[in-house]
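Working notes, structure below.
The values are calculated or read from the model by the stated rules, or taken from the named source; none is laboratory data. Note that the coordinates shown come from a computational prediction; the quantities given were computed from them, not determined experimentally. Positions of Cβ are backbone-derived with ideal geometry, glycine not excepted, and every protein chain shown enters the neighbour counts.
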Amino acid sequence: MAHADDATKSWVAAVPKKNADGNVIEWTVKYKYALGDHEHIFNKTEEIDTPSKAPDKYTKAELLTLMDKDHWDDMFNKKYASWTADAVVETTDDSFDVSTLSDS
């Protein structure tokens, strides 16, 4: 099951850093996934190799592509699966007698 497909996704922030021409040279984005009681905010900064657009000329879809949303989806799936997995059962056997083991 692709948990990221079922998650509610929302923008937390998108902060552009601009050059003297007003073109974006770097984006810092925060994007939240939430599913049930589990949520995670991804935070990524990405430099723009060839600054050519002002912040308002970008689309949300472009920003998500720039930030590699597919990777975020994959990471959310893993985090959610880990969060919902049954806890590992660990026991300590204080009565174990080491003298019962072979010497070699």
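Please verify whether Y58 is within 25 Å of A85 (Cβ to Cβ), surrounded by 14 or more Cβ atoms within 10 Å (Cβ to Cβ) and modelled with pLDDT of 95 or more, treating the condition exactly as stated.
When the stated conditions are applied, Y58 does not pass them.
Within the stretch 1-15, restricting attention to residues that are free of Cβ contacts under 8 Å to residues at least 40 places away in the same chain and part of a strand (DSSP E or B), the residue that is surrounded by the most Cβ atoms within 10 Å (Cβ to Cβ) is K9. For the residues V89, V24, V15, the requirement of being of a type outside the set (S, T, N, Q), over 17 Å from the mean Cα position of the chain (by Cα) and modelled with pLDDT under 95 singles out V89. Of all residues in the stretch 1-28, those satisfying the criterion of being of a type outside the set (G, A, S) and touching a helix residue (DSSP H, G or I) at 6+ places or on another chain (Cβ under 6 Å) are H3, P16, V24.
Look at the stretch 45-70 and say how many of its residues are assigned to a helix (DSSP H, G or I), more than 21 Å from K32 (Cα to Cα) and of a type in the set (D, E). Quick ask: steps written out before the conclusion?
Let us first name the residues in the stretch 45-70 that are assigned to a helix (DSSP H, G or I), namely 55-57, 60-66, 69-70.
Filter once more, keeping what is more than 21 Å from K32 (Cα to Cα): 56-57.
Adding the requirement that they be of a type in the set (D, E) leaves 56.
Final tally of qualifying residues: 1.
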